[in-house]
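The numbers here are math on the coordinates, done by the rules we state, and not lab data. In this text the structure is predicted, and so the values were computed from the model without any measurement.
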Amino acid sequence: MAAAPRLQSVTLRFCGVGSAPQQRLQQQPRGQAACGQRRQHSAVTAVAAPVAPGPAAPTSPYAVEMQAAVDAVRLASWLCEAVQVELKSGQWTDKEDSSPVTIADYGAQALVAWSLKRTFPNVPLSLVAEEDAIELREPENLATVSAITQHVNAALAREHPQATPLTGAEVLDLIDCGDSAGGGVGRHWVLDPIDGTRGFVGMRQYAVCLGLLDAGEVVLGVLGCPNLPQYAISEDDCDEGQAGRSFSDETIGSMFVAAKGQGAYTGSVFGGMPTQRIFCNDTVSPAEARYMESFEKRHSNHTLSQAIADEVGIVLPSLKLDSQAKYGALSRGDAGIFMRFPDLVYREKIWDHAAGVIILQEAGAVITDAAGNPLDFSLGRHFPWLHGGIVAATPSLHAKIMAALRKIYAEQGEPQQPAAP
Ligand SMILES: [Mg+2]
């Protein structure tokens with residue numbers, strides 16, 4: 001992208017006791033010139049920068065895969081933003097209409113599959129992804145396929161002008177590449193083309209999420225968050241309609257990346273390889289801590305989250321955000337805790353967490369199920385029983401959350417695993 005110099009002040013935070021004091025510095029110029037209004041930022045992105053090799057350093061065993069994942073997520077993010085521009089401009093007259101969602105979800109999945117196959121032409125693609133093209137192949141959905149293909153080819157023309165435009169049939173076949181069963185043997189890419197679909201339609205937060213499993217373990221993750229500010233967020237950034245800012249403000253739109261043992265990094269979703277190292281902030285006390293939870297009450301038990309917060313002594317209101325954008329925000333220190341307690345019959349899918357988990361871990365956070373067990377990605381497309389939820393936090397706050405949860409469960413009863421359907 002063409003870049004006009006822009007300086008953004010950032011605060012450095014260092015994780016852990018005895019770490020360096022907070023500093024301020026001027027960030028390197030990045031991004032294009034903004035053509036829209038910029039508001040005053042009350043806080044800035046938490047970034048720490050001990051010497052690190054970078055997410056795609058030649059010494060990383062996953063350097064090639066990291067570049068491939070970043071390229072794929074960026075390509076898909078362009079499509080998502082293009083669809084949101086149409087959404088905002090009223091080209092989609094009915095927000096309850098599933099069409100824009102369909103186009104963005106399916107189009108993003110097709111582009112990620114295309115991009116990975118292009119980078120690794122001699123490696124069979126194993127992709128565990130959310131969408132499939134079964135319904136799209138029905139004759140009545142011809143117009144939808146045509147619209148998806150149009151958006152896919154527009155994104156390709158932007159990032160890969162030499163590429164041959166795809167046909168509708170090719171797009172459908174790419175979408176159906178996502179049918180891998182995954183598992184604990186070999187390598188599998190894991191994709192949620194749009195995590196937070198309701199946020200996407202509501203012009204709030206969403207994320208393109210791509211992870212890589214190697215022998216059942218997440219070893220690489222990339223989150224593209226086109227509507228997440230590159231500075232620390234507040235409640236204002238969670239509201240309905242915030243997506244419109246991303247089209248004119250170059251400080252909006254974040255990418256988070258991490259590979260095992262290489263650290264976690266952030267940068268612009270539409271810039272180059274993210275190189276700004278991030279750490280969770282483990283220095284905050286419960287009285288200063290914020291917790292994040294799903295925007296949608298139907299996705300998580302907010303009453304339980306509040307009870308835990310009360311038990312721990314958290315006084316600040318929660319940040320309610322859609323999608324794995326929460327994992328990115330937690331990784332850079334915007335908040336200290338993420339809690340998720342879905343309906344007990346809900347089966348968690350691995351693409352809803354894979355990319356975010358490795359980013360959290362490389363930033364120094366802890367993520368477990370509600371019983372304190374690590375998440376097991378080796379068992380296929382779904383997780384086993386997670387004891388009612390997922391908790392991610394800085395190490396000290398995670399311990400406090402788990403203690404509070406055990407106390408509440410002792411009083412109210414342990415969540416019971418529902419019978420298999
Ligand atoms: Mg999705």
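Observations on the model:
- Alpha carbon Rg of the stretch 291-412, scaled by the compact-globule rule 2.2 N^0.38 Å: 0.96
- Inverse mean reciprocal Cα-Cα distance (Kirkwood Rh) of the stretch 142-188, Å: 12.3
- Centre-to-centre, using Cα atoms only, the stretch 351-382 and the stretch 309-324 are separated by 20 Å.
- Quotient of Cα Rg and 2.2 N^0.38 Å for the stretch 63-278, N being how many residues it contains: 0.97
- Segment residue 142-residue 403, length gained on full extension (0.36 nm per residue, minus Cα span): 88.6 nm
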